[in-house]
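Right, one structure below, let's go through it.
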Amino acid sequence: MSRENSPGVMEARSSRFELICAVCTEVAEVPSVRNVYCECGGIYDIRYFDTADAVSGLPTAASNLAVDFGQGSTPLVRLDGLARSIGLAGLVAKLEFCSPTGSFKDRGSAVLVSAAHEEGVEEFVEDSSGNAGASMSAYAARAGMRAHVFAPSSAAQGKLDQIQIFGAELHLIDGPRQAATDAAAEFAHRQGIPYLSHALSPWFAEGVKAMVAEVADAGYHATDIVAPAGNGALLIGSYAGYTDDERPRIHCVQSQAVQPLIRAIRGAVWDADEVEPTVASGIAVSMPPRAAQAARAVVASGGSAIAVADAAMLEWRERLAVEAGIFCEVTSAAAFAGLEELVRKGEIGREARIVVPVTGSGLKEAI
């Protein structure tokens, strides 16, 4: 399941960052991917000792990732016609579905699986609604690891097929998305296998921040980033990828059926029993473990949050295909539905320059 930790790996990491509990601020003895929960029950954040690392650094011992598929460098395309139709000065899409396994999750998987590989992990457990499971499975295959992926039985068949194609053991769980998380955590504990949850791991969100660096490197100075959010990795990563004086406003879009992050951003509490069915399975996360961190990213950036209906997501999925040649999953289209509504409500000004990450490929969903 795992080999002996390399002292050199931990020493190299410890010279650059530490794991600090988001609840009690206790610092973990070693910066290991195996550290999921603090003794108080809180989850860990990565705290770099150098500001430059906090913005652009990655939390691995080596400067290069041990498990790399060439993720990143995704296209940044102008959507001038759609911008005019919404009433915006500028709108670009970051085509994250051009990543190796078809979603933005590859950035996070590369960092998390690389860190685990450095530690000698040979087998791990993950839970996912589809994209993260497929991504983690592919990177596990490249690293020679065995992956157990727990997913809702209602997940898109294309995503479930993809998980199995990469050789992972797929565990289908009936019930809401949270049931797969609970089953994965229990299995990992019972079997003594590292639980490399993309939602819990601070390594995963650290991988995502490279996306906004690419936007800046391309010379596009965004005033606002509008992203769909389930666990909130895009919100957290987008915030972390900028210095305070360069950071655009970050806006959170969720489904009307499942909106725990919106409640957190507004200082309210979400009851998981409020969950309703939605076509946007990628953001149907009822209990995101990093809700507080995601909410801080939005609030501190001066951003906003909005919930959109399934009908609006489906309409935008079709518009993106017909008017821009972009075939994305419904979750991705949610961001454009939210953007249109934020402009209509005056939350985003018409002179704004927007970036929308198009998070996943429509080829995975038969809708």
- Task: For segment 206-225, name all the residues that are open to solvent by less than 10 Å² (accessible area, probe 1.4 Å), within 17 Å of residue 58 (Cα to Cα) and assigned to a helix (DSSP H, G or I).
- Result: 207, 208, 211, 212
- Kindly indicate whether any position in segment 331-338 is under 23 Å from residue 132 (Cα atoms), in contact (Cβ under 8 Å) with a residue 40 or more places away in the chain and among the aromatic types (Phe, Trp, Tyr). yes
- In segment 327-342, anything open to solvent by less than 10 Å² (accessible area, probe 1.4 Å) and either assigned to a loop (DSSP other than H, G, I, E, B) or touching a helix residue (DSSP H, G or I) at 6+ places or on another chain (Cβ under 8 Å) (or both) is listed as 328, 329, 330, 331, 332, 333, 334, 336, 337, 339
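Scan 120, 133 and give me the residue that is touching a residue at least 24 places away in the same chain (Cβ under 8 Å) and within 17 Å of the chain's Cα centre (by Cα). Walk me through it before giving the result.
On the way: 120 fails: within 17 Å of the chain's Cα centre (by Cα).
Result: 133 is the single residue among 120, 133 that is touching a residue at least 24 places away in the same chain (Cβ under 8 Å) and within 17 Å of the chain's Cα centre (by Cα).
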- Selected residue [under 19 Å from the mean Cα position of the chain (by Cα) and over 19 Å from residue 327 (Cα atoms)] from 51, 60, 74: 60
- Message: Taking the condition of being part of a helix (DSSP H, G or I) and among the small types (Gly, Ala, Ser), how many residues in segment 298-316 meet it?
- Response: 4
- Item | Verdict on residue 303 being out of contact with any strand residue (DSSP E or B) (no Cβ under 6 Å at 6 or more places or on another chain) and small (Gly, Ala, Ser) | no
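Based on this model, can you work out whether residue 276 counts as of a type outside the set (Val, Ile, Thr), surrounded by fewer than 16 Cβ atoms within 10 Å (Cβ to Cβ) and outside any helix (DSSP H, G or I)? Steps first, answer last, please.
On the way: of a type outside the set (Val, Ile, Thr): yes; surrounded by fewer than 16 Cβ atoms within 10 Å (Cβ to Cβ): yes; outside any helix (DSSP H, G or I): yes.
For residue 276, the condition - of a type outside the set (Val, Ile, Thr), surrounded by fewer than 16 Cβ atoms within 10 Å (Cβ to Cβ) and outside any helix (DSSP H, G or I) - is met.
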- Could you give every pair whose Cβ atoms fall below 8 Å, whose first residue belongs to segment 206-232 and is closer than 16 Å to residue 109 by Cβ, and whose second residue is among the charged types (D, E, K, R), counting only separations of at least 6 or pairs across chains? 207/107; 208/107; 210/107; 211/94; 211/96; 211/107; 231/290
- Between a first residue in segment 54-82 that is β-branched (Val, Ile, Thr) and a second residue that is open to solvent by 50 Å² or more (accessible area, probe 1.4 Å), which pairs have beta carbons less than 8 Å apart while being 6 or more apart in sequence or on different chains? 60/66; 67/117; 67/142; 74/98
- Residues of segment 37-89 being closer than 24 Å to residue 359 by Cα, of a type in the set (S, T, N, Q) and surrounded by 17 or more Cβ atoms within 10 Å (Cβ to Cβ), which ones? 71, 74
- Kindly state which helices (runs of 4 or more DSSP H) lie completely within segment 90-178 and contain at least 3 residues that are under 21 Å from residue 189 (Cβ atoms) and open to solvent by less than 10 Å² (accessible area, probe 1.4 Å). 105-118, 131-143
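Out of segment 179-205, which residues are of a type in the set (A, V, I, L, M, F, W, C), outside any loop (DSSP other than H, G, I, E, B) and open to solvent by less than 20 Å² (accessible area, probe 1.4 Å)?
Looking only at segment 179-205, we keep the residues that are of a type in the set (A, V, I, L, M, F, W, C), and these are 179-180, 183-185, 187-188, 193, 196, 199-200, 203-205.
Filter again for outside any loop (DSSP other than H, G, I, E, B), leaving 179-180, 183-185, 187-188, 203-205.
If the condition is that a residue be of a type in the set (A, V, I, L, M, F, W, C), outside any loop (DSSP other than H, G, I, E, B) and open to solvent by less than 20 Å² (accessible area, probe 1.4 Å), then 180, 184, 188, 203, 204, 205 are the ones that fit.
The values are calculated or read from the model by the stated rules, or taken from the named source; none is laboratory data. Everything quoted here is computed from the prediction, not taken from an experiment. For neighbour counting, all protein chains shown are included, and Cβ atoms are generated from backbone atoms with ideal geometry for every residue, glycine included. Accessible surface is based on the protein model in full, side chains and every heavy atom, while ligands, DNA and RNA are left aside. Shrake-Rupley method; radii C 1.70, N 1.55, O 1.52, S 1.80 Å.
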